[in-house]
Structure formats: structure tokens, C-alpha cells
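The values are calculated or read from the model by the stated rules, or taken from the named source; none is laboratory data. Fair warning: this is a prediction, and the values are worked out from it, not measured in the lab. Every residue, glycine as well, gets a Cβ built from its backbone with ideal geometry; the counts of neighbours run over all protein chains shown.
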Amino acid sequence: MGTIEFNQLLVENVDFLKPFAFSLTRDNESAKDLTQETIFRALSNRDKYHSGTNLKAWMYTIMRNIFINNYRKKSRQQTTFDNTPNDFLLDYNQTTISNIAVSNIQMKEIETAIHHLPAIFRNPFVLYYEGYKYNEIAGYMQEPLGTIKSRIHFARKLLKAKIAQY
């Protein structure tokens, strides 16, 4: 297939891309950018298109892959736009200096809260905290698996209420 025929097919199928791009991005401007990037990639990878195959499906695949790759890139950057007119970038990867003394005090308070749990909740929770799996705890304590799961759940709820400041 020649360049002119490929370009004609591409132009005929561009209108089908716009709704799909909007369904992925949920933003009109981002959908336009995604459509433009898809057309660019299709043009630059024309040699990879096999004549007679479904061009629309090929372009949908390109668009979906671009969207997924951009999404992954944004999630790794952890950068978002605030919606002010200035479009400042907010970077969540700012480093903070931890204070070991504060961390130690907090851990002691958490351990005290765990120690003050009723024994029926504390024992399975401590085993779970130490890395045992639910079924191992159930076997060790000779209780049904559902009972162990619910006791650990209630222990978490009690701890969450006690140490809500963290």
C-alpha cells in the first residue's frame, strides 16, 4: 500500500478515534492530544501496518497503548495539576526529614495501644502483625478462619480509634 492510500484511509478513520479518546481521558483537550498523538504514531509506523487488516482496530490499539503508557508515566511522576488559572505543578515527591525520636515515641504508643486490646482481639492481631497468615493463625488458635479474620478486623478498628492522631 502506498503512502497516499494509507493517508486516505487514515483520514477516513480519524473521526472514529475522537469518541474513543474522550472515553479514555474524560477531557476534551486531552482527547484531542491523544488523537493527534495516535495519528502521528500511525503515520510514523506506517510500515508496520499490513494491508488488508482492520485499520480502525490497529489505530484503537495504538491509542489505547499511548493512553496506558501516559497514565503509567504520570503515576510514576506523581505530579498533578491544580485547577487554578496559573496551572502550578504540585510535586508529591518532596522529601521530608524524619525525626527518629518522634517515630520511637509513636511506636511505643502504638505498642501500648496493642497491649491494651482485649486478649480475644490482641492475640490473633499480634500473630498477624508478626507475619503469620490467617489460616496459620486459625490452626494455631484452633478457631475457624472467619472468626480469626473478624477478630483481626475488629482489632484494627479498635486500634484505629485509639490512635487516630497518626
Q | Candidate set from region 27-44 (those that are under 30 Å from the mean Cα position of the chain (by Cα) and within 13 Å of Asn7 (Cα to Cα)); member that is surrounded by the fewest Cβ atoms within 10 Å (Cβ to Cβ) | A | Phe40
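Any residue at all in region 128-135 that is part of a helix (DSSP H, G or I), over 28 Å from the mean Cα position of the chain (by Cα) and modelled with pLDDT of 90 or more? Give the derivation first.
Step one: of region 128-135, the residues part of a helix (DSSP H, G or I) are 128-129, 134-135.
This time we only want the ones that are over 28 Å from the mean Cα position of the chain (by Cα), so: 135.
Pick out the ones that are also modelled with pLDDT of 90 or more and you get 135.
Among the residues of region 128-135, at least one is part of a helix (DSSP H, G or I), over 28 Å from the mean Cα position of the chain (by Cα) and modelled with pLDDT of 90 or more, which makes the answer yes.
Looking at this structure, is Ile148 part of a helix (DSSP H, G or I), modelled with pLDDT of 90 or more and within 21 Å of Thr25 (Cβ to Cβ)?
So Ile148 fails the test.
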Q | Qualifying positions in region 19-59 - free of Cβ contacts under 8 Å to residues at least 40 places away in the same chain, charged (D, E, K, R) and farther than 22 Å from Lys74 by Cα | A | Asp47, Lys48
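Using the structure shown, decide if Phe125 is surrounded by 14 or more Cβ atoms within 10 Å (Cβ to Cβ) and at pLDDT 90 or above. Walk me through how you get there before you give the answer.
Numbers: surrounded by 14 or more Cβ atoms within 10 Å (Cβ to Cβ): yes; at pLDDT 90 or above: yes.
In short, yes.
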